[in-house]
1. Taking the conditions exactly as written (over 13 Å from the mean Cα position of the chain (by Cα), among the hydrophobic types (A, V, I, L, M, F, W, C) and at pLDDT below 95), does ALA56 satisfy them or not?
2. With a cut-off of at least 1 residues that are farther than 24 Å from LEU29 by Cβ and of a type outside the set (D, E, K, R), name the helices (runs of 4 or more DSSP H) lying wholly within region 46-148.
3. When you go through (1) within 16 Å of LEU45 (Cα to Cα); (2) at pLDDT 95 or above one by one for CYS116, which number turns out not to apply?
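The values are calculated or read from the model by the stated rules, or taken from the named source; none is laboratory data. Every value quoted in this text rests on a predicted model; they were computed, and no experiment measured them. For neighbour counting, all protein chains shown are included, and Cβ atoms are generated from backbone atoms with ideal geometry for every residue, glycine included.
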Amino acid sequence: MEGSARGFDDPRPDPDRDPAQGKGRRRGLDRQALGRTLGYMRAHLDQRIGLPEMAAAACMSRFHFARLFRRTTGCSPMEYLQGLRLGTAARMLSEGRFAMGDIALATGFCDQSHFCRVFRRRTGMTPRQYARRCADGLPLPLMPAQAQ
């Protein structure tokens, strides 16, 4: 037997095996899969997006995708999507030329009430307060991932 003299069922790591090769690596999504997923999210921000659609964009199963996405980004795919939506909404609010209902629909929220609730929960202020602070040039809270 070449290499290690240990059997296959020995739980200790094999000192002759490169830990960067094969099983045992704890990696997240590769760049292409992450890029396809984020591109899909941005392109369909105004639509209802679920885990099956995101996983399909990454070309993998839902559960495997969710696990690797969390490992890569530090949050679930749905949390990340909500951050993109709120970042886009914050940008639109700061421009000051969109109605609240239009912002809600353009960023994928089912209605203005849901948008306001989520925005307030994440930022500590209502969208209207945020827009006023932007107009007045006051400091703003840090927003989740800003959509580019």
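1. No; evaluated as a whole, the condition is false for this residue.
2. By residue number, 77-95, 100-106, 112-123, 127-136.
3. Answer for CYS116: the failing condition is (1).
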